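Structure first, then comments.
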Amino acid sequence: MKLINNELLRQFEYQCEDDVLVAEYSFQERKIFLTKLITDKCQNKEKVDEFLKEIMQIAEDNRWRIVPINPDVVTFFKRNPAYKDMLAIGLRI
């Protein structure tokens, strides 16, 4: 998987077949707010989950906490309870 962190546009990008998956973020005090997930043409849920798992790995490596704003990201946390310990303190999903 080739995940690109485009810091200028504040988004993670991943090439999915003929489309690009994009997760926009905002960063504040060791917390990353995942604000928007764009998966227009890519209907492959496994690719989207793989994309989000790569983002979780980056957050874990940098010791960031996650604040999911986008409903699709919240659904990812519900389906993958192993990542719930990465949520910001006080957040419950």
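Please treat every number below as a calculation from the coordinates, not as lab data. What you see is a predicted model; the values in this text were computed from it and never measured. Ideal geometry is used to build each Cβ from the backbone, glycine not excepted, and the neighbour counts take in all protein chains shown.
Looking at region 1-50, which of the residues that are among the hydroxyl-bearing types (Ser, Thr, Tyr) and in contact with a Ser or Thr (Cβ under 7 Å, 6 or more places away or on another chain) is farthest from Asp72 (Cα to Cα)?
Among residues in region 1-50 that are among the hydroxyl-bearing types (Ser, Thr, Tyr) and in contact with a Ser or Thr (Cβ under 7 Å, 6 or more places away or on another chain), the one farthest from Asp72 (Cα to Cα) is Ser26.
Give just the number: which of (1) of a type outside the set (A, V, I, L, M, F, W, C); (2) part of a strand (DSSP E or B); (3) surrounded by 16 or more Cβ atoms within 10 Å (Cβ to Cβ) does Lys47 not satisfy?
Status for Lys47: all satisfied but (2).
(1) in contact with a Cys (Cβ under 6 Å, 6 or more places away or on another chain); (2) in a loop (DSSP other than H, G, I, E, B): which one isn't true of Leu8, the others all being true?
(1)
Residues checked against (1) surrounded by fewer than 17 Cβ atoms within 10 Å (Cβ to Cβ); (2) more than 11 Å from the chain's Cα centre (by Cα); (3) part of a helix (DSSP H, G or I):
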residue: Ile4; (1), (2), (3): yes, yes, no
residue: Leu21; (1), (2), (3): no, no, no
residue: Lys36; (1), (2), (3): yes, no, no
residue: Met56; (1), (2), (3): no, no, yes
residue: Ile66; (1), (2), (3): no, no, no
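Out of the residues in region 68-93 meeting the condition of being among the polar types (S, T, N, Q) and part of a loop (DSSP other than H, G, I, E, B), tell me which one is surrounded by the most Cβ atoms within 10 Å (Cβ to Cβ).
Asn70
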